[in-house]
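For reference, the structure I am asking about is given below.
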Amino acid sequence: MFDAFENRIGYHFQRPGLLETALTHSSYANENRGLPHNERLEFLGDAVLDLCSAHYLFGHFPAEAEGALSKHQAALVCEASLAECARQIGLDRELLLGKGEEKSGGRCRDSLLSDAFEAVIGAVYLDGGFEPARDFIDRFVMEPMAAKPVLFDAKTQLQELLQADGEVEISYRVLEEAGPDHEKSFTASVNMNGEQLGTGSGSSKKQAEQAAAAAALKYLREKAERIPLSSGSIYVSEKDRNTGL
């Protein structure tokens, strides 16, 4: 039933029923009495994800302090990040949803996708044990995100960067909302003291805001001639921007 999905993730279930349960939303189960849904697997997968992500960060960032590792982990396993991971493996296309949930755009909802992604982790863990689950998490969560550090919760990084020298007002604004309910697209901007620093798009408001923050980080980093984000404030004023400094 889910052969194409198993091929995409590179793991074939010995007990296919576990995968079906992981992809079954409670709305579908309610419409088909007797079917289990994915909430218990989500609970298990969340715990496995916490352990495996901590293990990865501990090994790959030996110089980072506990506080920094915790921030990285929180960003990696946040709802928006996991929803993006789910989309990358086509999980959104495989979900079993009730008619009402389908009609209301549940297939595109970050919260639903991130929950199902964790449920798949739980299913892999139950089916094959710790090593296959860790391999799955490394391939589809840790390695892609580690290769794109700007995705480590760009909103938090931007806030820490801009407020390094004192409090400033940071705000996000939805500039455009397009598409039908089940396939929405959002464009957002991030502003500091009323000045626009970046824009970005996504399938949810949260995703668009993260993309806008990522664009702002890229812009500020380029203006600061590649000064590392951890080296202090690299905010460029409107005057400097206009004069090319």
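Laboratory data are not the source of any read-out in this text; all were calculated from the coordinates shown. Since this is a predicted model, take the numbers as computed values, not measurements. Please note: Cβ atoms are built from the backbone with ideal geometry, for glycine as well, and neighbour counts cover all protein chains shown.
Need one number: % antiparallel among DSSP beta bridges in the chain, to the nearest 5.
The answer is about 95 percent antiparallel.
Under the 0.36 nm per residue contour assumption, what length would be gained going from the current alpha-carbon distance of Asn191 and Gln163 to full extension?
Values: separation 28, 0.36 × 28 = 10.08 nm, distance 1.31 nm.
Value of the extension gain: 8.8 nm.
Non-local amide H neighbours of Leu175 (under 5 Å, H modeled in plane, Pro and chain starts lacking H): which ones?
Distant-sequence amide H within range of Leu175: Thr187, Ala188, Ser189.
Want the number for Glu177 to Ala47: 0.36 nm per residue separation, take away the alpha-carbon distance, what's left?
Numbers: separation 130, 0.36 × 130 = 46.80 nm, distance 3.51 nm.
Here the answer is 43.3 nm.
Taking Lys99 as the anchor, which aspartates and glutamates have their alpha carbon closer than 15 Å to its alpha carbon, excluding any fewer than eight residues away along the same chain?
The qualifying aspartates and glutamates are Glu31, Asp181.
Order of 108-116, 206-214 by packing, highest average Cβ count within 10 Å first?
Result, highest mean first: 206-214, 108-116.
Can you give the Rg to Rh ratio of the range 38-194, both from alpha-carbon atoms, with Rh computed by the Kirkwood formula?
Values: Rg = 17.5 Å, Rh = 17.2 Å.
Rg divided by Rh gives 1.01.
With a cut-off of at most 14 other beta carbons within 10 Å, and DSSP calling the residue loop, which trypsin sites (Lys or Arg not before Pro) in the range 1-58 qualify? Please list them.
Qualifying residues, ordered by number: Arg33.
First select every other residue whose beta carbon is under 14 angstrom from the beta carbon of His12; then total the charges, Lys and Arg +1, Asp and Glu -1.
Once all neighbours under 14 Å are counted, the net charge is -3.
When the Karplus curve 6.51 cos²θ - 1.76 cosθ + 1.60 is applied with θ = phi - 60°, which whole-Hz ³J(HN,Hα) does each residue of the range 200-206 get, with x for Gly and Pro?
Coupling constants for the range 200-206: x, 10, x, 7, 8, 4, 4 Hz.
Starting at the first residue of the range 103-111, write each ³J(HN,Hα) from the Karplus equation 6.51 cos²θ - 1.76 cosθ + 1.60 with θ = phi - 60°, in whole Hz, x for Gly and Pro.
Taking θ as phi minus 60°, the curve returns 5, 8, x, x, 5, 9, 7, 4, 4 Hz for the range 103-111.
On a 0 to 90 degree scale, rounded to 10, what angle separates helix 66-76 from the longest Cα axis of the chain?
Result, in degrees: 60.
Distance check, please: which entries in Lys103/Lys206; Lys71/Lys206; Lys155/Lys223; Lys71/Lys218; Lys71/Lys103 exceed 28 angstrom between their Cα atoms?
Lys71/Lys103
Relative contact order, percent, of the chain when contacts are C-alpha pairs under 8 Å separated by at least 6 residues?
17
Between Glu143 and Asp3, what is the label-to-label distance in nm when each label sits 7 Å out along the Cα-to-Cβ direction?
2.6
Inverting the mean 1/r over all pairs of different Cα atoms, compute the Kirkwood radius of the range 1-124 and quote it in Å.
Result for the range 1-124, one decimal place: 15.2 Å.
For Arg15 paired with Asn32, estimate the spin-label separation in nm (one decimal), with each label point 7 Å from Cα along the Cα-to-Cβ line.
1.9
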